[in-house]
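The values are calculated or read from the model by the stated rules, or taken from the named source; none is laboratory data. Please read these numbers as outputs of a predicted model, since none were measured by experiment. Note: ideal-geometry Cβ built from the backbone for every residue, glycine included; neighbour counts use all protein chains shown. In case anyone asks, the SASA skips ligands and DNA or RNA and just uses the protein heavy atoms, side chains included. Shrake-Rupley method; radii C 1.70, N 1.55, O 1.52, S 1.80 Å.
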Amino acid sequence: MGRRILNDALRTIVNAERRGKATANLQPISTVMTSFLKIMKYRGYIKDFQVFDPHRVGRVNVELQGRVTDCRALTYRQDIKAKDIEEYRLRILPTRQWGYVVITTPNGVLDHEEAIRQNVGGQVLGYFH
């Protein structure tokens, strides 16, 4: 169920971007989803997000910036070694210049650049570009 929540939230963001909306409301939420949104904010793909009532069903308001063209969560979480991250990134992203693969590692949820820098592998959550 948790993987479905992340995928639905990311598809909501993409659909709101395509319609030209300024914000997207995501409901229900999970901690993995908030970690994914933190990476998107750090990399400049969304402006900001606010979490309301995280202990119950909760909801998140995301301020969009217009940079997200595609954003997906993998329903099957593939294990990936640190040495194979670059090869996986080249296979899944459409271009070398932009886009990030998000990986859950023992060090937390990281994008592919940070995982390579820390030389740590994990499971692929999804990607955005």
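Listed values, structure above:
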item	result
Residues of segment 24-129: accessible area per residue with a 1.4 Å probe, Å²	56
Per-peptide average of other Cβ atoms within 10 Å, ordering 68-78, 14-24 highest first	68-78, 14-24
Solvent accessible area, Å² - residue 40, 1.4 Å probe, full protein context	0
Tail fraction, Cα-Cα pairs, segment 13-129, threshold 18 Å, whole percent	51
Sequence-distant aspartates and glutamates (8 or more away, or on other chains) whose Cα lies within less than 14 Å of residue 38	48, 63, 111, 114
Cα-projected label distance for residue 118 with residue 97, points at 7 Å along beta-carbon direction, nm	3.0
Simple spin-label estimate for residue 61 and residue 83 in nanometres, 7 Å along Cα-Cβ	4.9
Carbon/sulfur fraction of accessible area - the chain, other protein chains in place, 1.4 Å, %	45
